[in-house]
Every structure is written in C-alpha cells, then in structure tokens.
Amino acid sequence: MPFLFFLIGSLCWFSTLEASSLGQISFLGFSRLQTDTRICASLNTPLATAPFGGISGVEYDATQNHYWLLSDDPGYRAPPRFYKMKIHLDQRGIHQVHCSDVRPLQKRAGHAFGLGQVDGEEIRLYNNRLLWSSEAQNRLLGLDPAVRMMDFHGVQTVRLQLPEHYQSQAGRVVDNGSFEGLTLLGKEHALLAVEHPLKGDGTNIRLLKLDLQTHDSVATYAYPQSFYQDKELSVVSLLAVNDTQVLVLERLWPYKDGNILIRLVLYDLTEAQDVHDMAYLQGKHLQYGKKQLLANITEWPEVRRAVGYLDNQEGMTWGPTLVDGRRTLLLVSDNNFNSKQSTLFLAFALALKN
C-alpha cells in the first residue's frame, strides 16, 4: 500500500521528571504537521485527499505496530473518518509519520454517518474492534453523545447503553463538553469521562465505568476538576496505567502568553466512592481517588525550548516499549482545521515503577 512520508527532526535525551508514585517521565521529541498537509494524498481511496486534522483520539496497535487516529470532523470537510498510520518512534524521538489508510465512520456497511451525526473524540482497541466516543448532541434532532464499537472497516457493531443524564433531552451535558476521555480498564471494562462537569455536578467530572460484555454502565466515580487562577481545566483524554490507575490529560486555553496549558495527572480509583446512583454531585461530600500531578507539560523547560508553543493536545496512547524497557507515551493535538494551528505529536518515555 502506498505511503506519503514526512520526515521530522528528532529531539532526544531531554531532562527527566520524577513522578514519585509512578516513575520517571522523559521527553523524547516531537513532530508537527501543518494544517494544509495532505498526508494521505498518495493513497488510492475516496478519502485520500480529505483534509487531515481534527485528530482527537489516538490508539497504538502493537500487533501491527501502527496507530489508529480519530478525526472530530463531523462531516463539514469530508465524511466523518478515522486513520491508520505509521509513526516511527524510538528513544531518539519521532522520525517519520505516514498514512496507510483513511476510512469513513459507518452506521452500517456502505452508509457513512451523515453531516453532524457524530463528533469523534477518543478511540481505543478492544478485542479486534475499535471502541470510540462521540460528543455530538442536538436536542431537536435527538442526537446524543455516544460510545460505539466498530470493526476495522469503520462499520458500527454496537452502541453502548448510557445513563439518561448524558442524553441531550436531559439538558445536563455542556455543549461541546461531553465524552472526551475513554480508556480500557482491565480486560472487560472501559472508563469514560466528560470534558466538563454535567450541570448540577458542581466541580465534579464524572468517570463512567462501562461493562464491555453487557454494554451497560456499572459504576461512576467523581474526578475533582482542576483550576488555574479560578479558570477551569477540562479533561480531554484518559489512559489506563493498570486496573485502578489512569492518566488524565487536562487542558486550559487561554493560559498565558498565548500558550495553552497541558497537564498530565495520575488518578488512583482505589479509594474512590461509587456515585453511580447520585443524580447530582454538587454540594455532596464525596470520597475522591488519589490525584497527583505528574507533569506540567507547558512549563517543562525542555519542551518549551524544543516545541515553543503547544497546540490543542487532545489524545494520548501508550506506544511501543523501548529497548531499555521504558514505555512510550504519545500525545496528539486537534488542529481544528485552523491554518494557525498544527497537528502536534509529543513523545515521552516512562520508567514505570513495579
């Protein structure tokens, strides 16, 4: 299959931060694709010339050493779509990014989702299928935020059942602020996060636990929203470390000096209270999990010197394990199809403690 290659200068061996309960995290390097890049143009497929961007989710497939990327384009520029890509990453940084396929998101075989019906956010690999979230909602049209499974061709196989307070008719989901974070939790569960608290939940962000066998929701935990100078940080991605700990990617814009604040947080659910049966969380005395800031990526000196201004980082995934045993972590940004932005990949390595 043909590829279009992009060579990226690699930056390596930057300083290491000590994340006490998790291990050390090191910055490896970055790559940046400009918004007008037609990275899939050499492919013989109907969506090859579709604008590349809006990347809100990324997932590494270790069996084939490639990545699945999900665009949040609801169909304004081309049919809603996802990508299969190769990203060459090692201890010296990111060297090449190329596109091997781009496929439409389909509600059934041969029938792509229509304009505005979906707004893809996070994508995860599960049992030879892809699990993905959409935050599209429209009360008049009866569109609700959703979590779906699809095959590798993009055809929907399952739509999971979600509690009523996530439905558009309930009027509690903040516009453009629903299902941003999604990760597998153990072998048969997933954890789903809204970007902003539901109306009536105060400063608590719901983390919904889903049973991937029954397709039902089974538990809910509260994540205390972070603040910077009274400004709310949003939750834009989740990534499990193990069965009880998740990485949380937090974001704030505008931050300062025209930059965007990107933080990486570790949240341990071991002692978190199940609030699944609570209709509203505002004003309630809740037992939270343990929350620890791992890295303020925006203020990391080496990242600032190498990258300059960050972009709209929105997705993250574990990548390949390095030869020295460290686990790679890849972050990607949503360029909003804005010529002043870019698709920015940031690569890190974690030396995880046992």
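Has the stretch 133-140 got at least one residue that is more than 20 Å from PHE82 (Cα to Cα), of a type outside the set (A, V, I, L, M, F, W, C) and surrounded by fewer than 18 Cβ atoms within 10 Å (Cβ to Cβ)?
Within the stretch 133-140 (the criterion being more than 20 Å from PHE82 (Cα to Cα), of a type outside the set (A, V, I, L, M, F, W, C) and surrounded by fewer than 18 Cβ atoms within 10 Å (Cβ to Cβ)), the answer is yes, since at least one residue qualifies.
Considering GLY93, GLY75, which residue is among the small types (Gly, Ala, Ser) and either open to solvent by 30 Å² or more (accessible area, probe 1.4 Å) or within 24 Å of LEU160 (Cα to Cα) (or both)? Lay out the reasoning, then the answer.
Numbers: GLY93 fails: either open to solvent by 30 Å² or more (accessible area, probe 1.4 Å) or within 24 Å of LEU160 (Cα to Cα) (or both).
Of the residues listed, the single one that is among the small types (Gly, Ala, Ser) and either open to solvent by 30 Å² or more (accessible area, probe 1.4 Å) or within 24 Å of LEU160 (Cα to Cα) (or both) is GLY75.
Out of the residues in the stretch 1-27 that are of a type in the set (Val, Ile, Thr) and under 18 Å from ILE297 (Cβ atoms), state the one that is modelled with the lowest pLDDT.
If we filter the stretch 1-27 for residues that are of a type in the set (Val, Ile, Thr), which is where we start, we get 8, 16, 25.
Pick out the ones that are also under 18 Å from ILE297 (Cβ atoms) and you get 16, 25.
Working: THR16: 65, ILE25: 93.
Filtering first and then ranking leaves THR16.
State all residues of the stretch 97-114 that are more than 21 Å from CYS40 (Cβ to Cβ) and either crowded, with 23+ Cβ neighbours inside 10 Å or among the aliphatic types (A, V, I, L, M) (or both); if no residue qualifies, say none.
The one that is more than 21 Å from CYS40 (Cβ to Cβ) and either crowded, with 23+ Cβ neighbours inside 10 Å or among the aliphatic types (A, V, I, L, M) (or both): ALA109.
So which residues in the stretch 174-211 are of a type outside the set (Gly, Ala, Ser) and out of contact with any strand residue (DSSP E or B) (no Cβ under 7 Å at 6 or more places or on another chain)?
Narrowing the stretch 174-211 to residues of a type outside the set (Gly, Ala, Ser): 174-176, 179-180, 182-185, 187-189, 191-192, 194-199, 201, 203-211.
VAL174, ASP175, ASN176, LYS187, LYS199, ASP201, listed by residue number.
Only one of (1) part of a strand (DSSP E or B); (2) open to solvent by 40 Å² or more (accessible area, probe 1.4 Å) fails for ASN44. Which number is that?
Every listed condition holds for ASN44 apart from (1).
Name the strands (runs of 3 or more DSSP E) wholly inside the stretch 269-349 in which the number of residues that are of a type in the set (Val, Ile, Thr) and open to solvent by 30 Å² or more (accessible area, probe 1.4 Å) is 1 or more.
Values: elements: 290-296, 313-321, 327-333.
It comes to 313-321.
For (1) closer than 16 Å to GLU314 by Cα; (2) hydrophobic (A, V, I, L, M, F, W, C); (3) touching a Lys or Arg at 6+ places or on another chain (Cβ under 7 Å), each residue gets a yes or a no:
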residue: SER178; (1), (2), (3): yes, no, no
residue: ALA219; (1), (2), (3): no, yes, yes
residue: SER234; (1), (2), (3): yes, no, yes
residue: VAL246; (1), (2), (3): yes, yes, no
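Check whether at least one residue in the stretch 256-264 is touching a residue at least 40 places away in the same chain (Cβ under 8 Å) and open to solvent by 60 Å² or more (accessible area, probe 1.4 Å), and report yes or no.
Yes.
Residues checked against (1) aliphatic (A, V, I, L, M); (2) touching a residue at least 24 places away in the same chain (Cβ under 8 Å); (3) within 25 Å of VAL235 (Cβ to Cβ):
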residue: HIS88; (1), (2), (3): no, no, no
residue: ARG92; (1), (2), (3): no, yes, no
residue: ARG103; (1), (2), (3): no, yes, no
residue: HIS111; (1), (2), (3): no, no, no
residue: GLN117; (1), (2), (3): no, yes, yes
residue: LEU125; (1), (2), (3): yes, yes, yes
residue: VAL155; (1), (2), (3): yes, yes, no
residue: ARG172; (1), (2), (3): no, yes, yes
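So PHE82 fits all but one of (1) open to solvent by less than 10 Å² (accessible area, probe 1.4 Å); (2) in contact with a His (Cβ under 8 Å, 6 or more places away or on another chain); what number is the exception?
Of (1) open to solvent by less than 10 Å² (accessible area, probe 1.4 Å); (2) in contact with a His (Cβ under 8 Å, 6 or more places away or on another chain), only one is false for PHE82: (2).
Within the stretch 191-241, which strands (runs of 3 or more DSSP E) (wholly inside it) include 3 or more residues that are at pLDDT below 95 and open to solvent by less than 50 Å² (accessible area, probe 1.4 Å)? Even if it seems obvious, please write down each step before you answer.
On the way: elements: 204-211, 216-224, 234-240.
Per the criteria, no element qualifies.
Tell me which of these HIS66 doesn't satisfy, since it passes every other one: (1) of a type outside the set (A, V, I, L, M); (2) open to solvent by 30 Å² or more (accessible area, probe 1.4 Å); (3) within 30 Å of ARG305 (Cα to Cα).
All conditions pass for HIS66, except number (2).
Condition test on PHE30, is it part of a strand (DSSP E or B), within 20 Å of ALA136 (Cβ to Cβ) and at pLDDT 95 or above? Can you show your working first?
Details: part of a strand (DSSP E or B): yes; within 20 Å of ALA136 (Cβ to Cβ): no; at pLDDT 95 or above: yes.
Answer is no for this residue.
The values are calculated or read from the model by the stated rules, or taken from the named source; none is laboratory data. Here the structure is a predicted model, which is why all the values come from computation and not from measurement. Don't worry about glycine lacking a Cβ; one is built from the backbone with ideal geometry, like all the others, and counts go over all protein chains shown. Please note that ligands, DNA and RNA were not included when accessible areas were found on the heavy atoms of the full protein model with its side chains. Shrake-Rupley method; radii C 1.70, N 1.55, O 1.52, S 1.80 Å.
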